[in-house]
1. From (1) within 16 Å of DNA strand D (Cβ to nearest atom); (2) in contact (Cβ under 8 Å) with a residue 12 or more places away in the chain, pick out the condition that doesn't hold for residue B:45.
2. Take the residues of the range B:158-182 that are of a type outside the set (Asp, Glu) and open to solvent by 30 Å² or more (accessible area, probe 1.4 Å): which is nearest to residue B:105 (Cα to Cα)?
3. Out of the residues in the range A:133-170 meeting the condition of being within 7 Å of chain B (Cβ to nearest Cβ) and without any contact (Cβ under 8 Å) to a residue 12 or more places away in the chain, tell me which one is farthest from residue B:136 (Cα to Cα).
4. Checking residue A:31 against (1) within 14 Å of another protein chain (Cβ to nearest Cβ); (2) under 30 Å from residue A:3 (Cα atoms), only one condition comes out false. Which one?
5. Restricted to the range B:74-113, and to residues that are in contact (Cβ under 8 Å) with a residue 24 or more places away in the chain and more than 21 Å from residue B:64 (Cα to Cα), which residue is most open to solvent (accessible area, probe 1.4 Å)?
6. Which condition does residue B:92 not pass, out of (1) basic (Lys, Arg); (2) closer than 25 Å to residue A:167 by Cα; (3) within 10 Å of DNA strand D (Cβ to nearest atom), if it passes all the others?
7. Of all residues in the range A:113-127, how many are small (Gly, Ala, Ser) and part of a helix (DSSP H, G or I)?
8. Scan the range A:62-93 for residues that are under 24 Å from residue B:110 (Cβ atoms) and over 12 Å from the mean Cα position of the chain (by Cα) and report the count.
There are 2 protein chains.
Amino acid sequence: MGRAPTFDAAAVVRAARDVFWAHGYEEASLPDLESATGLSRSSIYHAFGSKRGLFDAAVTSYLDDVTRPRLRPLTAEHVAPDALAAYLSSLRDALTAAGSPAAAHGCLLLNASGAPVAHDPAVRATVAAYRDELRAGIGRGVAARHPDLPAAEQDRLAEACTALVVAALLVVRVDPDAAARSLDAATGLAAA
Amino acid sequence: MGRAPTFDAAAVVRAARDVFWAHGYEEASLPDLESATGLSRSSIYHAFGSKRGLFDAAVTSYLDDVTRPRLRPLTAEHVAPDALAAYLSSLRDALTAAGSPAAAHGCLLLNASGAPVAHDPAVRATVAAYRDELRAGIGRGVAARHPDLPAAEQDRLAEACTALVVAALLVVRVDPDAAARSLDAATGLAAA
DNA sequence: CCGATTCTGTACCGGACGTTCCACAACCTA
DNA sequence: TAGGTTGTGGAACGTCCGGTACAGAATCGG
């Protein structure tokens, strides 16, 4: 067989994910990733093939450990009528909590959508798929809150809420207050 | 006196602005700017001091020639009741017109807000000021459309519309359809 | 026409980047 | 214990970056 790795792959990916989250793909340098993961370049390249390979693993970790858990009440089999309001509220808390990664850096994936790495169609597809997950969950939350509304009206509402959530995640880095107001606007729409 | 410049400064700034618009500050390399402007490094540095100086001139050109003209109906002395709807519609057209710079690259300034150059407080202030201009114009549009609404309600509406416009400008690069839906949501809110 | 001043092109600098190479250390199987 | 396989560290590579130095060309006032 040969020698076994001396590191915990999952922990390495989490550490790298936080670096990419904080700095973005391009500005996360290999020295940054080396010191954050405790691995040397060779080990990184041996385990992940390239900086991009490590980034892909970090994105998977981000989706599985960060975004999907918060979205779960909107993706479970039964969605409570107040699940959407609770989701918006918890996201608002995360975006206004001093020191939280989300407050400081927004969304790893949406940030990447504006960066050079988004030239890669695979990255764009990942971002689009993430937005679709968000939109689907919010759609189910709207349906649970307003079951008697016409489908077209539900769609309009869900679309507006999704756009406001995306807006909040995109602007939180540069204007946290605006992000909070954006989520408040979404909450107001969803409750009406 | 000495030798006179052989180039048209305004045209040079416009060319540089388009490069920054398309590629962002960091990814606009000096060779890119040289070929787009027709100037060599020496002339650029002589005229603008640094890459950053050229960027600042490009931002000014962007605000004066791109964003403010479209916003004008909302900043003029008298604002028509349908000025906001017209603004949203014209922005939607710009973001869906194949080949237009806005459709392909969104907003030069908002794109910069997520880039490393935004670490500079001056750049962040410029972005915030731009958002304030947008917010103020939309606020006047809301007031013209719904003069009898309570001020607090007008503010909520204007805030939501501004967030949806910002969201559209930020996501258009990666998902033009989502940008259009975001503006449609804003139009729906403003009309109601 | 002369000299000062200003613009412009070429070559170059130091530094950072992602990636690769190579020698060596560690572990498995036989 | 020997041989093959795999993980690890460190040095090196080629490339690109923004910025600068310098020499020459162009145009001014006198």
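The values are calculated or read from the model by the stated rules, or taken from the named source; none is laboratory data. Source: prediction; values computed, not measured. Cβ: placed from backbone, ideal geometry, glycine included. Neighbour counts: every protein chain shown. Note: areas computed on protein heavy atoms with side chains; ligands, DNA, RNA excluded. Shrake-Rupley method; radii C 1.70, N 1.55, O 1.52, S 1.80 Å.
1. Going through (1) within 16 Å of DNA strand D (Cβ to nearest atom); (2) in contact (Cβ under 8 Å) with a residue 12 or more places away in the chain one by one, residue B:45 breaks only (2).
2. Step by step, filter the range B:158-182, then rank; the result is B:173.
3. A:156
4. Checking residue A:31 against (1) within 14 Å of another protein chain (Cβ to nearest Cβ); (2) under 30 Å from residue A:3 (Cα atoms), the one that fails is (1).
5. The qualifying residue most open to solvent (accessible area, probe 1.4 Å) is B:82.
6. (3)
7. Counting residues in the range A:113-127 that are small (Gly, Ala, Ser) and part of a helix (DSSP H, G or I) gives 4.
8. The total comes to 2.
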